[in-house]
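Trainee: Would you mind keeping the following structure in view while I ask a few things?
The values are calculated or read from the model by the stated rules, or taken from the named source; none is laboratory data. The structure presented is a predicted model; accordingly, all values stated were derived computationally and were not measured. Neighbour counts run over all protein chains shown; Cβ positions are idealised from the backbone, glycine included.
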Amino acid sequence: MDLRVLLIGDIVGKPGREVLKRTLGDFVRRREVHFVLANGENVAQGSGITPNLFKEIAREGLDVVTMGDHTWRRKEALPLLEAEERLIRPMNYPPECVGRGMGIYSTPLGVRIAVIQLLGRIFMDPVDCPFHTIDKALKNLDPSIKLILVEIHAEATSEKIAMGWKLDGRVSCVFGTHTHVPTADERVLPKGTAYITDLGMTGPYDSVIGRDKKSVLYKFETSMHAPFHVAQGDPRLCGALVTLNTQTGKATHIERVQLT
Ligand SMILES: [Fe+2]
Ligand SMILES: [Fe+2]
């Protein structure tokens with residue numbers, strides 16, 4: 001059987017939450033989507049997540065919400081990360097950190113799906129090696145679980161592409177988040193893993209990666225600090241739709257999604 005999974009890029013602030021509300025339900029019905037994942041590291045005014053905002057986006061039909069380098073931005077998120085099984089943060093943080101780096105979920109087709117998130121290390125704060133972390137995680141995973149999604153939340157395209165090749169044939173899909181810019185390199189790799197370097201953001205595209213373009217330009221030009229507010233204009237939902245074979249766990253199709 002074919003399982004259709006929608007992967008949604010970083011939801012940024014209120015414009016991101018609003019475009020999610022306006023577009024997701026219709027798309028899920030029209031394309032018969034079985035499982036929805038969204039990155040939620042930017043839902044709270046562009047940085048982090050709160051329990052109320054988690055509820056607000058989850059009730060739109062999200063099966064799992066992932067975080068990223070903004071995981072610890074809001075103190076209110078800590079008890080949520082501890083208790084909420086539908087919330088995932090990068091697995092390669094130190095073992096003392098609250099929350100989980102992997103979740104296993106049931107799907108409407110009766111098969112289970114594993115979701116793992118990793119953080120990159122190029123141009124980012126130091127964390128454990130994502131490549132060794134995923135090897136260990138896959139070794140310990142219940143072998144009856146064939147459907148595996150791996151999110152690589154990272155800045156450098158090279159690090160994400162390397163992760164895609166490393167995991168080709170070992171997981172169902174490797175997808176990137178964090179840059180907020182969608183890439184046009186979606187494909188199914190030779191051994192059956194769907195891959196895309198970045199899903200792009202779900203938020204205002206009349207901006208610099210979600211923030212007010214005047215303040216960002218001011219900072220670049222003067223190097224003086226200006227508060228970066230979430231922008232408003234041209235909200236879009238960006239992500240990818242992936243088709244997975246439930247028997248083999250391999251991907252048969254990936255396409256970019258952009259909804260306005
Ligand atoms: Fe990020
Ligand atoms: Fe982000």
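Condition check ((1) touching a His at 6+ places or on another chain (Cβ under 6 Å); (2) under 27 Å from Pro108 (Cα atoms); (3) crowded, with 18+ Cβ neighbours inside 10 Å) across all residues:
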{"site": "Phe220", "(1), (2), (3)": "no, no, no"}
{"site": "His225", "(1), (2), (3)": "no, no, no"}
{"site": "Phe228", "(1), (2), (3)": "no, no, yes"}
{"site": "Asp234", "(1), (2), (3)": "no, no, no"}
{"site": "Ala240", "(1), (2), (3)": "no, yes, yes"}
{"site": "Ala251", "(1), (2), (3)": "no, yes, yes"}
{"site": "Arg256", "(1), (2), (3)": "no, yes, no"}
{"site": "Thr260", "(1), (2), (3)": "no, no, no"}
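Trainee: Sticking with this structure for a sec: Only residues that are of a type in the set (Val, Ile, Thr) and touching a residue at least 40 places away in the same chain (Cβ under 8 Å): list them for segment 59-86, please.
Mentor: Of everything in segment 59-86, those that are of a type in the set (Val, Ile, Thr) and touching a residue at least 40 places away in the same chain (Cβ under 8 Å) turn out to be Val64, Thr66.
Trainee: What strands (runs of 3 or more DSSP E) lie completely within segment 169-260 and have 2 or more residues being farther than 22 Å from Thr157 by Cβ and more than 16 Å from ligand 1 (Cβ to nearest atom)?
Mentor: 235-245, 251-259
Trainee: Enumerate the pairs (first residue in segment 4-24 and at pLDDT 95 or above; second residue anywhere and assigned to a helix (DSSP H, G or I) and polar (S, T, N, Q)) with beta-carbon separation below 6 Å, excluding pairs fewer than 6 apart on the same chain, so at least 6 apart or on different chains.
Mentor: Cβ pairs passing all conditions: none.
Trainee: Somewhere in segment 195-207, is a residue among the β-branched types (Val, Ile, Thr), surrounded by fewer than 21 Cβ atoms within 10 Å (Cβ to Cβ) and modelled with pLDDT of 95 or more?
Mentor: Looking for residues that are among the β-branched types (Val, Ile, Thr), surrounded by fewer than 21 Cβ atoms within 10 Å (Cβ to Cβ) and modelled with pLDDT of 95 or more, one finds none in segment 195-207, hence no.
Trainee: For segment 17-118, list the strands (runs of 3 or more DSSP E) that sit wholly inside it and hold at least 2 residues that are away from ligand 1 (no atom under 16 Å from the Cβ); which are they?
Mentor: 35-39, 102-106
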